[in-house]
Amino acid sequence: MTAFQPLEKQSTADKVFEQLLSRIAEGEWAEGDRTPSENEVREGLGVSRDSIREAVKRLSAMGLLRSEQGKGTFVRKIDTGFYLNMLLPSVFLIKDNGLHILQFIKAIQVECARIAAEKATAEDLNELKGLLSRMNAETDAEAFFGWDNAFHACLCRITGNELFIKAAQMSSGILHVCLKAIVEIHGSRRSIAEHSEILACIERRDGKSAARVMVSHYDTIMARLKDYLAR
C-alpha cells in the first residue's frame with residue numbers, strides 16, 4: 001500500500017479529506033475494504049484526531065464510507081454516479097445557469113431517445129405510453145411537469161447509464177420553477193405532441209428520428225426559457 005504523505009502541521013481537515021478521498025477514487029481502497037485505523041492515519045499524516053474524524057465524517061456523508069461498531073470503517077460501493085455527484089452540484093448551484101443546465105440535459109436526452117429506440121422493451125414502452133397518457137389528461141401545470149419529468153427519467157432508465165440517470169435527477173429540481181412557469185404560460189399541447197412523436201419513433205426503433213424530434217423539443221423549451229428569463 002502506498003505510504004501516506006505527511007502534511008504540514010498547519011494542514012486542515014480539508015487536506016486529510018483530499019488524501020483519503022483520492023485513495024477511494026483511485027481504487028487503492030476498494031469496495032468492502034477496511035480503512036486504516038484512526039491511529040494509523042494520524043501517524044501517517046501527522047494531524048490531530050479531530051481533523052481525521054471530520055474528514056471521515058464528510059466521506060461518510062457522501063456515502064463513501066460506513067462504520068460498523070467494533071469492527072471499523074469500510075469503503076462503500078462506488079459507481080459512476082459518485083463522480084457526477086462531485087461535479088454537478090457546483091455547476092447546478094451557479095446563479096443564472098439555467099440555460100447551461102438545459103443545454104446539458106438536452107444533450108443527454110437526445111442520446112437517451114436514440115438509445116431507447118434500440119433498447120426499450122415492451123414493458124418500457126407501456127410505461128412511456130402510460131406517462132404520456134397522464135400528461136395528455138393533466139390540466140394542472142405542476143402535475144403535468146411531474147409526468148413530463150417522469151417520461152424523460154424513464155428514457156434515462158432505459159439506457160441503463162447511471163450518469164444519465166443521476167444528471168436527470170439532479171437537474172429536475174433545479175429547473176422545476178422555470179419549466180413549470182413555461183407550461184403555465186404556453187400550455188402543454190405542443191409538448192404532448194412532441195412527446196407523442198418521440199414515443200412513436202422509439203416504437204418504430206427509429207433512433208435517428210427520435211433524436212431529431214428530441215432536439216426540436218428542447219430547442220423549443222430553450223427558446224421559451226430565454227423569453228421567460230428575460231422578463
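So the values come out like this:
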read-out	value
Test: residue in region 194-213 that is closer than 22 Å to Y228 by Cβ and either at pLDDT 95 or above or in contact with a Gly (Cβ under 8 Å, 6 or more places away or on another chain) (or both)	yes
Subset of region 128-168 [touching a residue at least 12 places away in the same chain (Cβ under 8 Å), surrounded by fewer than 17 Cβ atoms within 10 Å (Cβ to Cβ) and closer than 18 Å to R204 by Cα]	K129
Candidate set from region 195-227 (those that are in contact with a Cys (Cβ under 9 Å, 6 or more places away or on another chain) and either surrounded by fewer than 16 Cβ atoms within 10 Å (Cβ to Cβ) or of a type in the set (A, V, I, L, M) (or both)); member that is farthest from K129 (Cα to Cα)	L225
Set K77, K71, K95: member being surrounded by fewer than 13 Cβ atoms within 10 Å (Cβ to Cβ) and modelled with pLDDT under 65	K95
Residue check, E118 touching a Gly at 6+ places or on another chain (Cβ under 9 Å), in a helix (DSSP H, G or I) and among the acidic types (D, E)	yes
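The values are calculated or read from the model by the stated rules, or taken from the named source; none is laboratory data. Everything numeric here is computed off the predicted structure, so don't read it as measured data. Here the Cβ is made from the backbone with ideal geometry for all residues, glycine too, and neighbour counts use every protein chain on show.
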